[in-house]
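Visitor: First the structure, then my questions, so here it is.
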Amino acid sequence: MKNKYQRLISNTAILGIGTFSSKLLVFLMVRFYTACLTPHEYGIADIITQTANLLIPLLSLGIAEAVFRFALDRDEDPARVFTTGLLTVLGGGAVFLFVVPLFNAFDFFHGYGFMIWAYTFFSCLHTVAIQFMRARGRMKQFAGYGILSTAVTIVLNLIFLLGFDMGITGYVLSVILSDVLVTALLFFTESLWKFVRFSTLTKKHFSRMLRFAVPMIPTTVFWWITNAADRYMVLDMIGEDANGQYALAYKIPTLLILFSGIFIEAWQFSAVRERGDSEHSQFFETVFDSFQALMFIAGCALTAFSKIAVYVMADNPSYYPAWQYIPVLSVATIFSSLVTFMGSVYLVEKKSVLSFITSMIGATINIILNLLLIPTFLGVNGAAIATFMSYFVVFVIRAINGQKYIRFNMHPLKLAVNTLIAGIQAFCMVVETPGWIAVQILSLCLIFTLNARPIIAGVLQVLRRRGR
């Protein structure tokens, strides 16, 4: 029988194969997008998808998170959980149809109103279905459908952008149709229709799920503000081309989000399932130490190769200045991942209100710093710094507050040294100080030396347990 560490690694590997394959394909498509879309078009397409992402928690009332969390509880009726999630999304979609005309009041959204609704609605349906399947422990299927969804999106991109030259419309429509097709396939191949039983619904259960889900609405909105509000401010204060470059710069650190996201999906499952175990705190400590070590190593490596990354990803020279925003965004992404890890404490304990409060603090800091820094000499990098500071503050708050619920050693001194090294490295890269190449090499060596031990120790621990 697998122990909890082996199960975590096994689930991470399964999700890694599926998610990495699909996300890597999307990442590699960035070069295709920059060849087919100008910085202006790419910036508008990014704004449209970010706006849809903002509307997703509002339309669904954040129910996908509740579906995942409640479906993990062994004493819950799976059909009641899934039906509650499905009914919530259908109701939200009907209500949001009345919002469509409002989008046409904005010039850059004119003609895209119904597409934004469709993107939002079908994304919500897909998320509820896929999160329910994940909670049931069907990790291989969860990963497989991720690959399929990406493959369908890419094929449709090739058809709409290359074949029909549909520009922004083709870019967005590809995602919508992919969600429609894959969700329909999920319902039949995974027999999800068997879990649609309206007779199982009760007012009490619906209320319990909504009490958990509703605080996730502002939580998701606030994270959207932290992640995306700077795009609107850069667009307004600097211009469309700068926003297109910033959008590309943001794409590259998503490699870190990709790797951390794969792990976090497996980790959340394990963290909830192992709740009540006598070694739960030690489990958190061991996993966090290895996780933060990997994130700092990967983030600093991305900073060092930021110039090369842009030249590889962009097919248009007008995107090349984007490299200078990647170092700060890389450090910001490290802390974004650490914040998400600490959010697993709230998930285990069903403290969604605390997720809401901390995310609100992060969003407030982000907006204030964007307004203060973007108009200065920092320009677009002011937005990147605002993003970093908001994630950093939220991480500190969650690290302190989370100890009230699950106490474990976070190795604060090592975290502080890691942060200092990553910060100095990012500064020297952006400013291109004398000897900046040597600084990059030295930083990578220091970060690896400081963080290699918990990774090696974690691997050895799993191997020793497997040998028993």
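Any read-out appearing in this document is the output of simple, stated calculations on the displayed coordinates, not a laboratory observation. Bear in mind the structure is a predicted one, so any value in this text is a computation, not a measurement. Quick reminder, even Gly has a Cβ in these numbers, built from the backbone with ideal geometry, and neighbours come from all protein chains shown.
Visitor: How far apart, in nm, are the 7 Å Cα→Cβ label points at residue 41 and residue 207?
Guide: Each label point lies 7 Å from its Cα, and together they span 5.3 nm.
Visitor: Label-point separation (nm) for residue 98 and residue 308, each offset 7 Å from Cα along Cα-to-Cβ?
Guide: Rounded to a tenth, the inter-label distance reads 5.6 nm.
Visitor: Given the DSSP H assignment, sum -39500 (n - 2.57) over each helix run of at least 4 residues in the chain and divide by its residue total; what's the result at 222 nm in deg cm²/dmol, nearest 500?
Guide: Rounded to the nearest 500, it is -27000 deg cm²/dmol.
Visitor: Now for a different question. Can you give the Rg to Rh ratio for region 162-275, taking only C-alpha atoms and Rh from Kirkwood?
Guide: Dividing the radius of gyration by the Kirkwood radius yields 1.06.
Visitor: Here is a follow-up. At 7 Å along Cα-to-Cβ for each site, give me the label-to-label distance between residue 169 and residue 50 in nm.
Guide: 2.5
Visitor: If you don't mind, another one. To the nearest 0.05, how large is the calculated FRET efficiency for residue 436 and residue 162 if R₀ is 60 Å and r is the Cβ-Cβ distance?
Guide: Given R0 = 60 Å and the Cβ-Cβ separation, E is 0.95.
Visitor: Let me ask something else. Counting other beta carbons within 10 Å of each Cβ, put 307, 203, 404 in order, fewest first. Intermediate results must be reported in sequence, preceding the final value.
Guide: Working: 307 15, 203 7, 404 11.
Least to most surrounded, the residues fall as 203, 404, 307.
Visitor: Taking 8 Å as the Cα distance limit and 6 or more residues as the minimum spacing, I'd like the relative contact order of the chain as a percentage.
Guide: 21 percent.
Visitor: Using a Cα distance threshold of under 27 Å, what count of lysine pairs results for the chain when pairs must be 8 or more residues apart or interchain?
Guide: 24
Visitor: For a footprinting-style exposure proxy, rank 414, 140 by other Cβ within 10 Å, fewest first.
Guide: Numbers: 414 17, 140 13.
Lowest count first: 140, 414.
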